[in-house]
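First comes the structure, then the notes that go with it.
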Amino acid sequence: MREIVIPSFLLIAALFFSLPALAADWSPLMKRLIDDGFEEKSVQALFSRNDVQFDPEPMATKMNELLRLSPNYQVSSKPYVSREVHKRYLRPDMINKARAYLERNRTILEQISRTYCVPKEVVVSILLVETHLGANTGKRRAFHVLSSMALSTDFEQVRSFVPSRLIRNDNEEYARTRCREKSDWAYNELKFLLEYSRINKADPLSIPGSIYGAIGICQFMPSNVFLYGVDADGKGSIDLFSTPDALNSIANYLHQNGWGYRIEKKNRRQVVMTYNRSQVYANTVLAVADRLRAKKRERGRSHRAT
């Protein structure tokens, strides 16, 4: 039996975020976890806490996205290629922050580059775009996000939070099917989150996350911790809020998904898009990395001139 470990000093964790407390019947989710081997008393204790909240927004947001791209949505047969970037990350102040971060962590980043054949500029660029170099690891609790999505097996549970104009007679069944699929996906991620918290001896409700439950300064989904996470500091567990672990994990993820020493330029974008499927995201990451390399080249020329 897998017991959810909640250290005593975290049992009364401060509430991170101001979210509306919505009533929810957690018993179906609790039963599912217990049936899958989680210790019954620990599950009951976890879901009986006053700060456990049902958050409909993550599933509603996901359904909003899916319905906009449903099979009946008319799109061109020609693949769309965007060259757009998130310009805010290319501002001089952001590039300077990223460059300063790279310099502070140069030793570990150069070791990472040698180990995984991933340029240090790319690793830092992803960290900048994902969490502003670790400053913003999410405004939600990953547990609330994933447990709420896992509980939302029926589209009716979040229907009122989805714009009515997106729901039609010809896509309602699609909405129900996709909602069940995303609920199952979230349930799987919830199990990995609980395992992550157990290994790290952390209160599951203390872990901040994104709107879909990504965690750490590198924003991994919990399942990816066990696929690509690296215990770089040798403490016996993978802590994505630890700089060495997070930086190594980013590089390992990219390497395992195709980034090699002589990767062609056209393939770099594809690899980065495995981290986040947005073309704009990939464009931005690579553009920031190019700016960081350009700064390095400028410094090299100035040293030679002197």
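Any read-out appearing in this document is the output of simple, stated calculations on the displayed coordinates, not a laboratory observation. Everything numeric in this text was worked out from a predicted model, so none of it was measured. Cβ coordinates were reconstructed from backbone atoms using ideal geometry, including for glycine residues, and neighbour counts include every protein chain displayed.
Ratio of Rg to Rh for the chain: 1.00 [Cα atoms; Kirkwood radius as inverse mean 1/r over pairs].
What's log10 of I(q)/I(0) for the range 89-161 at q = 0.13 Å⁻¹, Debye sum over Cα points only, no solvent? Ignoring solvent entirely, the Cα scatterers give -0.58. Within the range 234-295, the trypsin sites (Lys or Arg not before Pro) that combine a DSSP coil assignment with at most 10 other C-beta atoms in a 10 angstrom radius are Arg262, Arg277.
How large is log10 of I(q)/I(0) for the range 126-272 at q = 0.09, 0.11, 0.12, 0.13 Å⁻¹ when the intensity is taken from the Debye formula with one equal scatterer per alpha-carbon? Result of the Debye calculation: -0.35, -0.51, -0.60, -0.68.
Listed by Cβ neighbour count within 10 Å, with the fewest neighbours leading, Glu264, Glu172, Glu121 appear as Glu264, Glu172, Glu121. Histogrammed with a bin width of 10 Å, the alpha carbon distances of the range 183-222 distribute as 31, 62, 7 percent, first bin at zero. Local charge for Cys218 was computed over the other residues whose Cβ lies under 12 Å away, with Lys and Arg +1 and Asp and Glu -1, and equals -3. Treating r as the C-beta distance of Thr177 and Asp25 and R0 as 22 Å, the FRET efficiency rounds to 0.45.
A Cα-only calculation for the range 211-297 places Rg and Dmax at 13.8, 38 Å.
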